[in-house]
């Protein structure tokens, strides 16, 4: 994907006018809303966002619907769906539907937070490496190579084994620290093509500082590509957190979908309670699929050539 595509109608200069951003947003939204895969992804994301917002409601209705500490006084075992508990209860009588809603909130928090931090790091380091060149480029890219070859999940498992169960924000930070190198390499390649463009040379001759060139000239041109990668990083962050929780290394103070799967497996109800097993697994699959679909649609938004090749998709 070339920088010409991302900047195809942008004026060459430091600051892009507000009218350009409004026009670009309108055009991009039009393409995204007409994209079948993109529409499905946005509908799914909207449903899960509603679930995350609704997670605060059940505990206000009755304390027994608190996903972590709420226990039905007349139920002390796993039970099937009923009017009182729409998805049934877990092994100690906690409401599964309330846990599912809370898991949506945790999934969004982990996915978006980890993805944002990894994209921020990757974009900043990629621009610095591509713009500085020579020793700076070499050092930063070798650091990225060393981190990139490390299996993120395995490293997190080793750290959890050494330091005990990790809280949710530590997991977010660690995921971000190990997922930025791929983004940095892509942003670096874009920066290398941009820094020799005439408008960059003009800004340099006009006396613009290196920081101003990076922030006002290069960043607006690489930002759409960074946002595209963010949708895929959200997917990987959600899966990593769910895997950690399922293996017993998640935050014991939070209710996530991975933690729900860990509880159903640890208590021996994998095949006895499908109403407990299937909802979190299906939600993990659908939410990651939604972000993947949104990323696929954003590829078409950023690259008009894909629209001509596959106009019906």
For this session: Give the residues of the stretch 77-99 that are crowded, with 22+ Cβ neighbours inside 10 Å and assigned to a helix (DSSP H, G or I), sorted by residue number.
Result: 96, 98, 99
Seminar exercise, completed: Selection from the stretch 133-149 of residues without any contact (Cβ under 8 Å) to a residue 40 or more places away in the chain, surrounded by 12 or more Cβ atoms within 10 Å (Cβ to Cβ) and at negative phi yields 136, 138, 139, 143, 147, 148
Exercise. For residue 5, are the conditions met, namely being assigned to a helix (DSSP H, G or I) and at pLDDT 65 or above?
Worked result: no
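Scanning for something modelled with pLDDT under 90, over 18 Å from residue 104 (Cβ atoms) and either in contact with a helix residue (DSSP H, G or I) (Cβ under 9 Å, 6 or more places away or on another chain) or outside any helix (DSSP H, G or I) (or both), does the stretch 47-63 turn up at least one residue? It would help to see each step written out before you state the result.
Taking the stretch 47-63 and keeping what is modelled with pLDDT under 90, we get none.
Within the stretch 47-63 (the criterion being modelled with pLDDT under 90, over 18 Å from residue 104 (Cβ atoms) and either in contact with a helix residue (DSSP H, G or I) (Cβ under 9 Å, 6 or more places away or on another chain) or outside any helix (DSSP H, G or I) (or both)), the answer is no, since none of the residues qualifies.
Does residue 237 count as surrounded by 23 or more Cβ atoms within 10 Å (Cβ to Cβ), at negative phi, part of a helix (DSSP H, G or I) and free of Cβ contacts under 8 Å to residues at least 60 places away in the same chain?
On the way: surrounded by 23 or more Cβ atoms within 10 Å (Cβ to Cβ): yes; at negative phi: yes; part of a helix (DSSP H, G or I): yes; free of Cβ contacts under 8 Å to residues at least 60 places away in the same chain: no.
The answer is no for residue 237.
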Problem set entry | Only listed residue being modelled with pLDDT of 85 or more and closer than 30 Å to residue 89 by Cβ, chosen from 213, 282, 200 | 282
Exercise. For the stretch 154-172, does any single residue satisfy the condition of being at pLDDT 90 or above, under 21 Å from residue 184 (Cβ atoms), out of contact with any strand residue (DSSP E or B) (no Cβ under 6 Å at 6 or more places or on another chain) and surrounded by 15 or more Cβ atoms within 10 Å (Cβ to Cβ)?
Worked result: yes
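Pick out the one residue from 160, 203, 176 that is touching a helix residue (DSSP H, G or I) at 6+ places or on another chain (Cβ under 6 Å), assigned to a helix (DSSP H, G or I) and within 24 Å of residue 247 (Cβ to Cβ).
Selected residue: 176, the only one of 160, 203, 176 that is touching a helix residue (DSSP H, G or I) at 6+ places or on another chain (Cβ under 6 Å), assigned to a helix (DSSP H, G or I) and within 24 Å of residue 247 (Cβ to Cβ).
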For this session: All but one of (1) buried (at least 21 other Cβ atoms within 10 Å of the Cβ); (2) assigned to a loop (DSSP other than H, G, I, E, B) hold for residue 118, so report the exception by its number.
Result: (2)
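Return yes or no: is residue 245 in contact (Cβ under 8 Å) with a residue 40 or more places away in the chain, in contact with a helix residue (DSSP H, G or I) (Cβ under 9 Å, 6 or more places away or on another chain) and either assigned to a helix (DSSP H, G or I) or surrounded by 23 or more Cβ atoms within 10 Å (Cβ to Cβ) (or both)?
Values: in contact (Cβ under 8 Å) with a residue 40 or more places away in the chain: no; in contact with a helix residue (DSSP H, G or I) (Cβ under 9 Å, 6 or more places away or on another chain): yes; either assigned to a helix (DSSP H, G or I) or surrounded by 23 or more Cβ atoms within 10 Å (Cβ to Cβ) (or both): yes.
In short, no.
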Problem set entry | Selected residue (only one of 272, 262 is over 23 Å from residue 177 (Cβ atoms), more than 19 Å from the chain's Cα centre (by Cα) and not in a helix (DSSP H, G or I)) | 272
For this session: Could you check residue 196 against (1) under 14 Å from residue 214 (Cα atoms); (2) touching a residue at least 40 places away in the same chain (Cβ under 8 Å); (3) surrounded by fewer than 19 Cβ atoms within 10 Å (Cβ to Cβ) and say which number it fails?
Result: (2)
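The values are calculated or read from the model by the stated rules, or taken from the named source; none is laboratory data. Computed from a predicted model, the values in this text were never measured in an experiment. Ideal geometry is used to build each Cβ from the backbone, glycine not excepted, and the neighbour counts take in all protein chains shown.
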